[in-house]
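Structure, as structure tokens:
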Amino acid sequence: MKFTVAIDGPAAAGKGTISKAIAAHFNLAHLDTGLLYRAVGRKSMDSDQSPQDIARALTPADLQRDDLRTAEVAQAASRLALIPEVRAALVDFQRDFANRKGGAILDGRDIGTVICPQADVKLYVTADAPTRAARRFAELSNKGHATDFDTVLADVIARDTRDASRSEAPMVAAADAVLIDTTEMTIEQAVEQAVKVVTARYPDA
């Protein structure tokens, strides 16, 4: 069986948590495509190689680094995502994953529009910027990163603008995506809504 779920949306909207929950519920393989760009961003900070060469040589081990969730790496990832050659180098990796036997769920910013336009289910998970900044600030603080809310909010807004305005695969909801706004939701409520959407289209559900 090949069943693909595409989940897009801005940072800290909850799409990663929802994706993992759906993957566990339906026993689907899961790929956080943002980690691909974070891994390229992290390696580019330590290397003289071009970002596209780093992207072409990316390995699964590069996705396991424990320093991929910092604000600095997130900004680097967002900047590198503007480079067409970097995006092109990572497209095949993502599409191969999406077509794997047994089904897959991918989350990112252009999954339903570019990577998997024929996905069986498309979700667009979002929330307002202050709510997302508060979530990200709490996450970074809990991990011991020195920052403040205003800085995180500015980073969130800057990244939103950059991701939505880039010429290559801008972040936008697919026309046939189901919108889930998590601003006023608990994560349990958001997951429940997402599971209902997928269940309605899942074979033999």
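Given the criterion surrounded by 17 or more Cβ atoms within 10 Å (Cβ to Cβ) and modelled with pLDDT of 95 or more, identify the matching residue among 89, 174. Full working, then the answer.
Working: 89 fails: modelled with pLDDT of 95 or more.
Exactly one of 89, 174 is surrounded by 17 or more Cβ atoms within 10 Å (Cβ to Cβ) and modelled with pLDDT of 95 or more, namely 174.
Any residue at all in the range 120-133 that is closer than 19 Å to residue 31 by Cα, of a type outside the set (A, V, I, L, M) and in a loop (DSSP other than H, G, I, E, B)? Reasoning before the result, please.
Taking the range 120-133 and keeping what is closer than 19 Å to residue 31 by Cα, we get 120-126.
The next check asks that each one be of a type outside the set (A, V, I, L, M); those that pass are 120, 122, 124, 126.
Filter once more, so that each one left must be in a loop (DSSP other than H, G, I, E, B): 120.
Scanning the range 120-133 turns up at least one residue that is closer than 19 Å to residue 31 by Cα, of a type outside the set (A, V, I, L, M) and in a loop (DSSP other than H, G, I, E, B).
Could you say which residue among 6, 13 is small (Gly, Ala, Ser), in a strand (DSSP E or B), at pLDDT 95 or above and surrounded by 20 or more Cβ atoms within 10 Å (Cβ to Cβ)? Give the steps one after another, and end with the answer.
Working: 13 fails: in a strand (DSSP E or B).
None of the others qualify; the one that does is 6.
Scan (1) in contact with a helix residue (DSSP H, G or I) (Cβ under 6 Å, 6 or more places away or on another chain); (2) modelled with pLDDT under 95 for the single condition residue 47 breaks and write down its number.
Condition (1) is where residue 47 drops out.
Can we say residue 102 is free of Cβ contacts under 8 Å to residues at least 24 places away in the same chain and part of a loop (DSSP other than H, G, I, E, B)?
Details: free of Cβ contacts under 8 Å to residues at least 24 places away in the same chain: no; part of a loop (DSSP other than H, G, I, E, B): yes.
Spelling it out, it is not the case that residue 102 is free of Cβ contacts under 8 Å to residues at least 24 places away in the same chain and part of a loop (DSSP other than H, G, I, E, B).
Residues to consider are 146, 169, 175, 194; find the one that is hydrophobic (A, V, I, L, M, F, W, C) and part of a helix (DSSP H, G or I).
Working: 146 fails: part of a helix (DSSP H, G or I); 169 fails: part of a helix (DSSP H, G or I); 175 fails: part of a helix (DSSP H, G or I).
That would be 194, the only listed residue that is hydrophobic (A, V, I, L, M, F, W, C) and part of a helix (DSSP H, G or I).
Which residues, counting only those in the range 149-161, are charged (D, E, K, R) and within 15 Å of the chain's Cα centre (by Cα)? So that I can check it myself, show each step before the final result.
First pass over the range 149-161, keeping only residues charged (D, E, K, R): 150, 155, 159-160.
The answer is 159, 160.
Hey, can you tell me all the residues within the range 30-80 that are under 20 Å from residue 143 (Cβ atoms), hydrophobic (A, V, I, L, M, F, W, C) and part of a loop (DSSP other than H, G, I, E, B)?
45, 68
Looking at (1) surrounded by fewer than 20 Cβ atoms within 10 Å (Cβ to Cβ); (2) out of contact with any Pro (no Cβ under 8 Å at 6 or more places or on another chain); (3) not β-branched (Val, Ile, Thr), which is the only condition residue 153 fails?
(2)
The values are calculated or read from the model by the stated rules, or taken from the named source; none is laboratory data. A quick note: this is a predicted structure, and the numbers were derived from the prediction, not measured. Neighbour counts run over all protein chains shown; Cβ positions are idealised from the backbone, glycine included.
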